[in-house]
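Q: First the structure, which I've put down as structure tokens, then a few questions once you've had a look.
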Amino acid sequence: MNIKKVGVIGCGLMGHGIAQVAAQGGCEVTVVETEQKFLDSGLARIDKSLAKLAEKAKEKGGSFDAAGTRARIKGTLDRKAVADCDLVVEAIIEDLEIKNKLFAELGRICKPTTIFASNTSSFPIAAMAKASGRPKQFVGLHFFNPVQLMKLVEVVRTNETSDEVFAAARAFGETCGKSPVACKDTPGFVVNRLLVPYMAEAMKMLDRGDATAQDIDTAMKLGCGYPMGPFELTDYVGLDTTLSILQGWVKAHPNEPAFQIPKALEEKVKAKKFGRKSGEGFYKWEGDKKA
């Protein structure tokens, strides 16, 4: 199964990056949004990113075909435009009901051989696969932010994913310049299954008064060589996003001791302190920089 034409549903934080790396890999890409302003914003991000890549290549004495890459990306508000794509990747809001409705629609729109993939970071792939009506042709393709820079993609298979589809999805990840890792359809896959409980455990230490957020972050950076401590990282990811993931896991797996919701996290989100995106979380932020 050779993936040449790719559809990306959503041109936001993740979707625009997925569209860009697919185009850099030589694929023809159709990216779909719900409103023109969102589409324009995502395409502008792609233009800015491609310009940076061209400038960096020039500084090193090489070249990068920004114009050729951009020419392989088309934007639209019409979901029917992805009907003949070999692969359609969903990168919309983290709401399982909305995702299921989308895949049910795509199942009716797309050609019979189209592979479906979700970029979800937390929801079960099998649930969306069932909604699509094509469980054998469904995988998870979990890219990491920023997609243009992060080298990892998690390729997630369900019990029904065919070997051929899984191999095609993994090859697509390599086409995008990523290093794919395989994972079963387990909560959080590999990275978030380890990362989110780690961040939650740090917040539970704060709840107990074991140490301050700043001292915990310093300990993990200097003691383990991490570029960010757990609180700075949670701020960067988004406290509301982290809480949503944990709430979903606790609901689905109430007896799993690693899935617990810290009071500090609930209080910050209740106060609308979501981290970097809102300007304040466990730290204060000025754009992408910690104040």
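Q: Per residue, how much space in cubic angstrom lies within the convex hull of the C-alpha atoms of the range 193-283?
A: Normalising the Cα hull of the range 193-283 by residue number yields 91 Å³.
Q: How far apart, in nm, are two points set 7 Å out from the Cα along the Cα-to-Cβ line at MET150 and at LYS56?
A: 1.6 nm
Q: Can I ask one more? Helix 96-109 sits at what angle to the longest principal axis of the chain, using alpha carbons and giving 0 to 90 degrees rounded to 10?
A: Result, in degrees: 10.
Q: If you stretched the chain out fully between MET1 and GLN260, how much longer would it get, using 0.36 nm times the residue separation minus the C-alpha to C-alpha distance?
A: 89.1 nm
Q: Could you tell me which residue out of THR212, THR242, ALA200 lies farthest along the dipole of the range 193-283 toward its positive end? Charges go on the beta carbon: Lys and Arg +1, Asp and Glu -1, centred on the Cα centre.
A: THR242
Q: Let me have the relative contact order for the chain, percent, based on Cα pairs under 8 Å that are six or more residues apart.
A: On the way: 521 pairs, mean separation 38.2, N = 291.
That works out to 13 percent.
Q: Now, a different point. Just subtract the alpha-carbon distance of THR218 and VAL181 from 0.36 nm times their residue separation and send over the number in nm, one decimal.
A: Additional length available on full extension: 10.3 nm.
Q: Which stretch or stretches of the range 14-30 have amide N atoms under 19 Å from the point lying 7 Å from ALA171's Cα along the Cα→Cβ direction?
A: Residues 22-29 fall inside that zone.
Q: A further question follows. Quick one: which residues, 5 or more positions from GLY75 or on another chain, have an amide H under 5 Å from its amide H? H modelled 1.01 Å from N in the peptide plane, none for Pro or chain starts.
A: VAL31
Q: Another question, if that's okay. Please find, in a Gaussian network model of the chain (springs between Cα atoms separated by less than 10 Å), the residue of GLN20, GLN148, GLN260 whose mean-square fluctuation is greatest.
A: In this elastic network of the chain, the residue with the biggest mean-square fluctuation among GLN20, GLN148, GLN260 is GLN260.
Q: For GLN36 and VAL190, what is the calculated FRET efficiency with R₀ set at 35 Å and r taken between the beta-carbons, to the nearest 0.05?
A: 0.45
Q: Further question: Report, in listed order, any pair from LYS221/LYS289; LYS5/LYS111; LYS4/LYS111; LYS99/LYS263 with a Cα-Cα distance greater than 19 Å.
A: From the list (LYS221/LYS289; LYS5/LYS111; LYS4/LYS111; LYS99/LYS263), the Cα-Cα distance tops 19 Å for LYS99/LYS263.
Q: What spacing in nm lies between the two simple spin-label points modelled at GLU94 and LYS290, each 7 Å away from Cα in the Cβ direction?
A: Between GLU94 and LYS290, the simple spin-label model gives 2.1 nm.
Q: Give me the percent of Cα-Cα pairs in the chain that sit more than 36 Å apart, rounded to a whole number. Write out the running numbers ahead of the final one.
A: Working: 8020 of 42195 pairs.
Looking at the chain, the distances longer than 36 Å represent 19 percent of pairs.
Q: Any idea what the alpha-carbon Rg over 2.2 N^0.38 Å comes to for the range 34-88?
A: 1.40
Q: Residues of the range 264-289 with the amide nitrogen closer than 20 Å to a label point 7 Å from the Cα of ALA211, along Cα-to-Cβ, please.
A: The answer is 264-265, 282-284.
Q: A further question follows. Return the FRET efficiency for the residue pair ASP84, LYS136: r is the Cβ-Cβ distance, R0 is 22 Å, and the value is rounded to the nearest 0.05. Spell out each step's value before the answer.
A: Details: r = 20 Å, r/R0 = 0.89.
With R0 = 22 Å, the Cβ-Cβ based efficiency is 0.65.
Q: How would the range 47-153 be classified by its alpha-carbon gyration tensor: rounded, prolate or oblate, with rounded meaning a/c under 1.5 and the a/b versus b/c comparison settling the rest?
A: Working: a/c = 2.74, a/b = 1.89, b/c = 1.45.
Prolate shape, in that a/c is at least 1.5 and a/b is the bigger ratio.
Q: Pop out the ³J(HN,Hα) list for the range 39-46 in order, Karplus 6.51 cos²θ - 1.76 cosθ + 1.60 with θ = phi - 60°, rounded to Hz; leave Gly and Pro as x.
A: Coupling constants for the range 39-46: 5, 4, 5, x, 5, 5, 5, 4 Hz.
Q: Residues with amide H under 5 Å of GLY238's amide H, sequence separation 5 or more or different chain, H placed in the peptide plane at 1.01 Å from N; which?
A: Answer set, sorted by chain and number: ARG276.
Q: Where the centre of each part is set by its Cα atoms, how far does the range 216-281 sit from the range 101-144, in angstrom?
A: 28 Å
Q: Got a sec to turn the phi values of the range 273-287 into Karplus ³J(HN,Hα) couplings, 6.51 cos²θ - 1.76 cosθ + 1.60 with θ = phi - 60°, whole Hz, x for Gly and Pro?
A: Karplus-based 3J(HN,Hα) across the range 273-287 equals 9, 9, x, 3, 5, 9, x, 7, x, 6, 10, 9, 10, 10, x Hz.
Q: I would also like to ask the following. Could you derive backbone 3J(HN,Hα) for the range 218-226 from the dihedral phi with the Karplus parameters 6.51, -1.76 and 1.60 (θ = phi - 60°), listing whole Hz in sequence and x where the residue is Gly or Pro?
A: In residue order, the calculated couplings are 4, 4, 6, 6, 7, x, 10, x, 6 Hz.
Q: With runs of 4+ DSSP H residues as the only contributors, calculate the mean residue ellipticity of the chain at 222 nm using -39,500 (n - 2.57) per run, divided by the residue total and rounded to the nearest 500.
A: Value at 222 nm, helices only: -14500 deg cm²/dmol.
Laboratory data are not the source of any read-out in this text; all were calculated from the coordinates shown. Please read these numbers as outputs of a predicted model, since none were measured by experiment. Using ideal geometry, Cβ is built from the backbone for each residue, glycine included, and neighbour counts are taken over all protein chains shown.
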